[in-house]
Amino acid sequence: MKIKVDDLTGGEVITLLEEHLADMYATSPAESVHALDIKALKNPAITFYSCWKNDELLGCVALRELNINHVELKSMRTASHARKLGVASSLMQHILAVAKHRHYQKISLETGSMDFFQPARALYKKYGFEYCGPFGDYQPDANSQFMTRHI
């Protein structure tokens, strides 16, 4: 697997992100969907990564800098054909290494509270994330779970 910074112009990546947004809107009320579209992911405060095996897209993840000490994990997604291959763990290890290299003190995330998101929450717990309250601009929301970990 190769993980690289991605400029969000490739068709495979765009399709994967469109699937991600469609799942979020199908699973959560619109006011509780915090997934970013492609335009929002091109914000300079965000670094977007894609994961490939040869020419096949396996997944993606992004980091959004909240401040010089705190970063948010965004848009973590494994392609449906690549599930159960360790893609999410590879992406998580990469993101944690990047956050450490950039000297962030904390990495946080928002995910859904519904059963659909249970595998994601289990992955985050496996990598040391703990439940916390809202951070950044988030507000309390029964449809959201917030998690964080120190680097």
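Here, each number is a calculation from the coordinates, and none is a lab measurement. Please read all numbers here as calculations on a predicted model, not as lab measurements. Methodologically, a virtual Cβ is constructed for each residue, glycine included, from the backbone with ideal geometry; neighbour enumeration extends over all protein chains shown.
Over the chain, dividing the summed -39,500 (n - 2.57) contributions of all DSSP H runs of at least 4 residues by the number of residues returns a 222 nm mean residue ellipticity of -9000 deg cm²/dmol.
Summarising the strand pairing of the chain, around 90 percent of its internal DSSP beta bridges are antiparallel. If you build a Gaussian network model of the chain, linking Cα atoms that sit under 10 Å apart, which residue out of V87, V98, V13 swings the most? Of V87, V98, V13, the most mobile in the Gaussian network model is V98. Applying 1/(1 + (r/R0)^6) with r as the Cβ-Cβ distance of Y138 and D115 and R0 = 22 angstrom yields a FRET efficiency of 0.55. Across segment 86-151, the fraction of Cα-Cα pairs farther apart than 14 Å, rounded to a whole number, is 59%. Segment 62-81 and segment 89-151 have Cα centres separated by 9 Å. Across the chain, C-alpha contacts under 8 Å between residues 6 or more apart give a mean separation that, scaled by the residue count, equals a relative contact order of 20 percent.
The C-alpha atoms of segment 17-151 occupy a region whose extents along the principal axes are 39, 36, 30 Å, arranged from largest to smallest.
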